[in-house]
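These notes are about the structure you will find just below.
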């Protein structure tokens with residue numbers, strides 16, 4: 001059986017929309033993108049050690065996949081994030097994409113919940129979700145997340161796509177690891193109890 005973990009960057013008020021740049025996801029009129037910029041390098045060092053050091057495959061929503069392709073698909077071999085992402089099998093939840101330019105990419109196009117549940121039953125490495133807000137909401141609603149790898153940044157933006165929106169079923173979690181970065185971002189890793 002494979003475990004499924006989400007890796008999420010969020011503000012202190014729980015917004016995960018557009019951490020790296022203003023134009024990353026302006027949907028809903030969101031204009032506060034790039035709120036993670038002041039802590040980015042510091043956090044990424046910790047992410048590489050704590051959440052990306054072991055082998056994993058990626059499970060991505062279509063929008064996140066489309067953001068990642070130009071950033072990582074043809075990156076230089078000295079980019080450690082690109083190296084990890086390129087080596088991973090990428091499972092993309094999509095109803096529109098038919099071809100994929102990024103190597104090792106497979107589509108999830110049918111019943112998303114059933115297909116992901118079947119993926120989890122297979123042997124293999126961890127399935128890790130990056131970004132993919134809409135996909136995470138589906139995973140939360142159907143109790144498919146085994147581990148929450150959260151980085152909370154010292155920023156408040158007031159509005160935007162929140163990791164935990166209203167109506168999420170209650171969950172009991174156990175803190176298994178925590179830490180801080182010099183820039184004030186906090187790492188919290190939780191597992192389902």
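Derivation of every value follows stated rules applied to the coordinates shown; laboratory data play no part. This structure is a prediction, so every number in the text was calculated from the model and none was measured. Here the Cβ positions follow ideal geometry from the backbone for every residue, glycine too, while neighbour counts run over all protein chains shown.
When a/c is below 1.5 the answer is rounded, else prolate if a/b is larger than b/c, else oblate, so apply that to segment 107-193 with a ≥ b ≥ c taken from the square roots of the Cα gyration tensor eigenvalues. Prolate is the answer for segment 107-193, as a/c is 1.5 or above and a/b outweighs b/c. Label separation (residue 118 vs residue 95): 1.9 nm, computed from points 7 Å beyond Cα along the C-beta direction. Only DSSP H runs of four or more residues enter the estimate; each adds -39500 (n - 2.57), and after division by the residues of the chain the mean residue ellipticity at 222 nm equals -7500 deg cm²/dmol.
Applying the Kirkwood pairwise sum to the alpha-carbon positions of segment 1-47 produces a hydrodynamic radius of 11.9 angstrom.
Our analysis of the chain gives Rg over Rh at 0.93, with the two radii drawn from alpha carbon positions and Rh computed by the Kirkwood formula. Straightening the chain between residue 45 and residue 87 buys 13.2 nm, computed as 0.36 nm per residue apart minus the Cα-Cα spacing.
Between residue 125 and residue 192, the contour length at 0.36 nm per residue exceeds the alpha carbon distance by 22.3 nm.
FRET efficiency for the pair residue 31 and residue 74, taken as 1/(1 + (r/R0)^6) with r the Cβ-Cβ distance and R0 = 30 Å, rounds to 0.50.
Run the numbers on segment 1-125 and let me know its relative contact order in percent, using alpha-carbon pairs under 8 Å that are six or more apart.
Once divided by the residue count of segment 1-125, the mean separation gives 26 percent.
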